[in-house]
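*Asks:* Could you have a look at this structure, given as structure tokens, before my questions?
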Amino acid sequence: MTGSDEDPRVAELRTAVARLRRQLAAHPAEFPDRGIAEDELAALAAMTISGIPEVPRLRRSLLLVAGSIGSVSALATSLADVRSAVELFGEPPGR
């Protein structure tokens, strides 16, 4: 989907994920779970291409990314933006 037909939540998620991917790529420090973060951000980016992503999969990827880079303070703002974008898709069932 492109233009006005695109779900604004998907556009927000795509933008937030792209920003975090760029910042992670530019971040000079190596850390043990960097590969996990990169893989899950790639998965999140792919989900934004095929329409409305599955909420459980979004949340799983977010948890993996947060666990992988959560202690890297330079990425905290962009990580929070991704979290906010995922939350636009609603709460998981049972909450």
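*Asks:* Assess whether Leu13 counts as being open to solvent by less than 100 Å² (accessible area, probe 1.4 Å), touching a Ser or Thr at 6+ places or on another chain (Cβ under 7 Å) and assigned to a helix (DSSP H, G or I).
*Replies:* Working: open to solvent by less than 100 Å² (accessible area, probe 1.4 Å): yes; touching a Ser or Thr at 6+ places or on another chain (Cβ under 7 Å): yes; assigned to a helix (DSSP H, G or I): yes.
Answer is yes for this residue.
*Asks:* Given (1) at pLDDT below 95; (2) open to solvent by less than 20 Å² (accessible area, probe 1.4 Å); (3) assigned to a helix (DSSP H, G or I), identify the lone condition not met by Ser4.
*Replies:* Failed condition: (2).
*Asks:* Out of everything in the stretch 22-75 that is charged (D, E, K, R) and in contact with a helix residue (DSSP H, G or I) (Cβ under 6 Å, 6 or more places away or on another chain), what residue ends up being farthest from Pro8 (Cα to Cα)? Steps first, answer last, please.
*Replies:* Kept after step one, since they are charged (D, E, K, R), are these residues of the stretch 22-75: 22, 30, 33-34, 38-40, 54, 57, 59-60.
In the following step, the residues that additionally are in contact with a helix residue (DSSP H, G or I) (Cβ under 6 Å, 6 or more places away or on another chain) were identified as 33, 40.
Numbers: Asp33: 31, Glu40: 21 Å.
Applying the filter and picking the extreme gives Asp33.
The values are calculated or read from the model by the stated rules, or taken from the named source; none is laboratory data. Every value quoted in this text rests on a predicted model; they were computed, and no experiment measured them. Quick reminder, even Gly has a Cβ in these numbers, built from the backbone with ideal geometry, and neighbours come from all protein chains shown. Surface areas here come from the heavy atoms of the whole protein model, side chains and all, with no ligands, DNA or RNA. Shrake-Rupley method; radii C 1.70, N 1.55, O 1.52, S 1.80 Å.
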